[in-house]
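No value in this document is a laboratory result; all are computed from the given coordinates. Since we're looking at a predicted model, the values are computed, not measured. With ideal geometry, Cβ positions are generated from the backbone for all residues, glycine too; neighbour counts draw on all protein chains shown.
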Amino acid sequence: MARAVSDPTFACGQVQGASGECIIIGRVRGGARLPFFFLGTRPSVSGIFSRADFIAGARDMAPAQLGLLPFGLVCGVGAQSAGASVWENLGLSALMFSGAAQIIAAQLIAAGAPVAVTILTCFVVGLRFLMYSAAMAPHLKDLPPRWRNGLAFLLTDQAFAAGIRRFRETGDMRNGASYFLGAGALLWMAWQGSCLAGFWAGNVIPASWSLDFIVPLCFLALLVPALEDHSTRVAALAAGIAVVALDALPMRLSLICAGVIGIAAGMITEARRGAR
């Protein structure tokens with residue numbers, strides 16, 4: 001049986017294969033014939049990817065690289081100070097891809113901390129990504145596993161802020177996924193370059209420059225545009241107060257606790273506003 005698929009980019013039909021798989025055969029407007037094969041009802045990678053949205057994501061993320069560069073320099077300097085080789089520095093930045101966790105890992109390695117303690121501490125610091133993932137999950141649930149896994153790897157604070165805004169504005173999975181991929185890919189490539197530059201410049205940059213001060217500024221630049229309504233402003237204020245008040249908690253648990261408190265405050269504020 002065949003079924004028409006309404007898509008402004010493709011004219012295509014879907015047929016049921018002999019083994020139960022869904023086969024889509026489509027034609028791009030104005031030319032080449034594209035066969036798309038996938039199991040179930042989820043589109044293939046070729047059917048999801050939008051070059052225009054990918055470029056838009058990379059373009060919109062380009063200005064953020066100005067704030068990301070000093071952050072990467074700090075991580076590169078930290079890796080060099082911990083005695084890492086250039087390849088170990090690149091491996092850390094390429095696989096971990098988390099500035100806060102990289103800085104903490106470098107500090108713990110330099111202090112001779114056990115490997116288990118280093119891993120556990122980085123895990124706790126990265127718990128905020130559970131909240132990011134929960135917010136992104138409804139928008140990504142219909143994507144194939146390879147897309148979800150790839151975008152999960154590229155999930156950072158900057159990519160999340162840009163991606164979730166795009167999903168909410170468009171409500172389109174294909175548009176948002178390609179946009180998120182473009183933003184995340186540019187961030188990953190720029191991150192490798194900045195960490196490598198920091199590693200080589202570790203002995204040149206004077207400590208008086210206080211590049212580590214750039215880190216909170218990067219997060220502030222992400223936060224301010226997201227304060228769109230009263231509920232989000234209340235959530236941000238509550239989380240800010242909580243993270244200072246709970247700073248004495250071990251293993252940076254103040255970040256997680258403050259995040260939960262901020263979410264609860266925002267939800268309560270939104271519920272009260274809706275009840276009026």
Inset, instruction - Per residue of segment 71-87, in order, report the coupling 6.51 cos²θ - 1.76 cosθ + 1.60 (Karplus, θ = phi - 60°) as ³J(HN,Hα) in whole Hz, putting x for Gly and Pro. - result: 4, x, 4, 4, 5, x, 4, x, 5, 5, 5, 7, x, 6, 7, 5, 6
Inset, instruction - Quick one: what are the phi-derived ³J(HN,Hα) couplings along segment 228-244, Karplus 6.51/-1.76/1.60 with θ = phi - 60°, whole Hz, x for glycine and proline? - result: 8, 9, 5, 5, 5, 5, 5, 4, 5, 5, 5, 5, x, 5, 5, 5, 6
Inset, instruction - Order by neighbour count: Phe54, Phe49, Phe71, fewest other Cβ atoms within 10 Å first, most last. - result: Phe49, Phe54, Phe71
Legend entry - At R0 = 25 Å, FRET efficiency that the Cβ-Cβ distance of Ala94 and Ala62 yields, to 0.05: 0.75
Legend entry - Calculated diffusion of segment 227-276, Stokes-Einstein form, Kirkwood radius summed over Cα pairs, 20 °C and 1.002 mPa s, µm²/s: 195 µm²/s
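If I take R0 = 22 Å and measure r between the Cβ atoms of Ala137 and Thr170 in this structure, what FRET efficiency does the formula 1/(1 + (r/R0)^6) give, to the nearest 0.05?
FRET efficiency, Ala137 to Thr170: 0.80.
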Legend entry - Table column - 3J(HN,Hα) (Hz), segment 166-180, Karplus curve with 6.51, -1.76, 1.60, x for Gly and Pro: 5, 4, 6, 6, 9, x, 10, 5, 5, 4, x, 5, 5, 4, 4
Inset, instruction - Calculate the spin-label point distance for Ala201 paired with Ile55, positioning each point 7 Å from the Cα along the beta-carbon direction, and give it in nanometres. - result: 3.1 nm
Legend entry - Kirkwood-based shape ratio for segment 61-186, expressed as Rg/Rh from alpha carbons: 1.02
Legend entry - Extension gain, Ile119 back to Val86 (0.36 nm per residue minus Cα-Cα distance, nm): 9.8 nm
